[in-house]
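Have a look at the structure below, then the notes.
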Amino acid sequence: MGLIENPKTYKGRELETIFFRPMFSAENAEQLGIRVLYNMPVPTTIQLWSPHNDILQEYTPGWNGGSSANRFQKQIELTKVKAEVGFSASEYFNQVYELITGRADVNLDDLTGSELEQAETEMFRAAIAESLRVSMWIGDVESDIYNKFDGLLVKILTDDDVVHIDFPSVEISPESILTILNRMWTESSPELKALKSEGNLVFLVTSNVYDAYEQYLDSCGADAAYNDLSTGRRELSFHGIKLIDMGISQYLPAERIGNSDYCILTDRRNLVMAVNTADYPGSEVRMWYNPDEMENRQRATFMVGCEIIDGNIVSLASFA
């Protein structure tokens with residue numbers, strides 16, 4: 001028990017590489033369906049450059065010049081946040097040891113401080129990752145919970161440039177799902193459709209939309225559908241565009257989001273979450289034992305925010 005009481009602190013580069021970056025990188029970032037930026041300068045500004053559609057000129061000797069490239073700029077407002085968790089010594093001991101004993105490669109007669117540290121770090125990291133993921137989608141400063149910053153859904157719902165596609169009399173079902181997805185595509189902006197060839201378009205959906213499409217595929221009757229029904233599917237796609245379940249239905253309703261189902265079509269690079277652990281004084285993750293309260297405590301302080309870069313390449317449908 002004594003090893004668990006040793007204080008541990010992550011700061012600077014170690015804080016990013018050991019604690020935060022594993023949360024939302026590689027496959028984890030792919031499953032989110034968005035872009036994640038780490039430790040960009042504060043204030044965090046994203047600039048998109050694009051040349052004019054036609055830059056060709058008739059050849060003449062010398063430099064004829066031309067106008068500058070188009071620049072689109074968006075600033076991500078970061079909010080200072082902290083996460084704190086306290087466990088009684090016995091609860092903490094049991095949870096950490098459960099993570100360790102569940103591994104087949106651990107020698108229970110020779111538990112090292114490194115293994116204990118990995119277990120308690122993973123326990124806290126998982127709690128922060130889930131809170132960040134949910135806040136990123138349904139964060140709402142007007143709500144009673146997940147209210148530290150406005151999430152992507154609130155920003156999409158309040159952005160006048162977003163294309164809103166109405167389904168006034170359509171209920172989500174395996175019979176209607178193709179109509180929904182087809183209209184999401186056909187009524188989207190030309191700018192959004194033009195990005196399909198780059199392979200980054202995604203449907204970001206609530207669980208009912210995802211389940212309806214999976215049930216539709218189950219009913220198709222082909223051998224592949226039977227195999228998928230038996231073994232499950234790792235991911236779903238519609239005409240080459242991935243469907244990603246936002247995993248938020250269990251957390252709704254929220255103040256401005258309500259309790260609706262949503263289907264969003266956009267480019268994954270267009271939705272950004274920024275995490276900063278470098279430019280905020282005091283950013284750290286600390287784990288220690290408080291002998292006065294006989295409590296193991298964990299605290300993380302950092303900055304986070306999210307933003308839509310361009311509302312013109314977002315299509316949204318909501319279902320009450």
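The values are calculated or read from the model by the stated rules, or taken from the named source; none is laboratory data. The shown structure was predicted, so the numbers you read here are calculated from the model rather than taken from an experiment. Note: areas computed on protein heavy atoms with side chains; ligands, DNA, RNA excluded. Shrake-Rupley method; radii C 1.70, N 1.55, O 1.52, S 1.80 Å.
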Ignoring ligands and nucleic acids, Tyr289 exposes an accessible area, probe 1.4 Å, in Å² to the nearest 10, of 50 Å²
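Here are some pairs, Lys74/Lys155; Lys82/Lys148; Lys11/Lys82; Lys82/Lys155; which of them have Cα atoms lying more than 20 Å apart in this structure?
Values: Lys74/Lys155 13 Å; Lys82/Lys148 10 Å; Lys11/Lys82 14 Å; Lys82/Lys155 22 Å.
The answer is Lys82/Lys155.
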Share of accessible surface on carbon and sulfur in the range 168-320, whole %, 1.4 Å probe and ligands ignored, is 46 percent
Length gained, Asn259-His239, 0.36 nm per residue minus C-alpha separation, equals 4.4 nm
